[in-house]
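The values are calculated or read from the model by the stated rules, or taken from the named source; none is laboratory data. In this text, all values refer to a predicted model and were calculated from it rather than measured experimentally. Reconstructed Cβ throughout: ideal geometry from the backbone, glycine too, with neighbour counts over all protein chains shown.
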């Protein structure tokens, strides 16, 4: 069965993208823990991150590294937390979350809704920061 992330990647469901290449995409979370919370998702549907090929895994982490640098300049923070949980959707994804403390990484505090214009503004800021790297 096609995952919700594949439907976003294919344009069947709206997504606020900050990055795309032949192997992965990155878009803003609709239930963010913080402004600038990005998901990096392989285009290939892989449920568990340990089932990705080493090359795909390395690529996702390289992209996550680059996007995290852009996030940290756009949304000043102590750290950009990186989490691979994998329970909520059966399609591997990496959370990149600007944070000040460990408490900022608690999914119980995720926003239940977010204004589309805010997502677009945050995406544009990250895209601009990515263009400078």
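Couple of notes before you dig in:
- Residue check, residue 59 more than 21 Å from residue 14 (Cβ to Cβ) and touching a residue at least 24 places away in the same chain (Cβ under 8 Å): yes
- Among the residues of the stretch 4-24, the ones that are over 16 Å from residue 122 (Cβ atoms) and either modelled with pLDDT under 95 or touching a helix residue (DSSP H, G or I) at 6+ places or on another chain (Cβ under 6 Å) (or both) come to 3 in all.
- Within the stretch 64-90, considering residues that are in contact with a helix residue (DSSP H, G or I) (Cβ under 7 Å, 6 or more places away or on another chain) and free of Cβ contacts under 8 Å to residues at least 24 places away in the same chain, the one surrounded by the most Cβ atoms within 10 Å (Cβ to Cβ): 80
- Condition check for residue 70: over 14 Å from the mean Cα position of the chain (by Cα) and in a helix (DSSP H, G or I): no
- Sub-6 Å Cβ pairs linking a first residue in the stretch 3-21 that is touching a residue at least 60 places away in the same chain (Cβ under 8 Å) and at negative phi to a second residue that is in a loop (DSSP other than H, G, I, E, B) and buried (at least 16 other Cβ atoms within 10 Å of the Cβ), at least 6 apart or interchain, are 3/91; 5/91, ordered by first then second residue.
- Complete set of residues in the stretch 113-126 that are crowded, with 16+ Cβ neighbours inside 10 Å and at pLDDT 95 or above: 119, 122, 123, 125, 126
- The set of residues in the stretch 91-112 being exposed (fewer than 15 other Cβ atoms within 10 Å of the Cβ), outside any helix (DSSP H, G or I) and either in contact with a helix residue (DSSP H, G or I) (Cβ under 9 Å, 6 or more places away or on another chain) or without any contact (Cβ under 8 Å) to a residue 24 or more places away in the chain (or both) consists of 100, 101.
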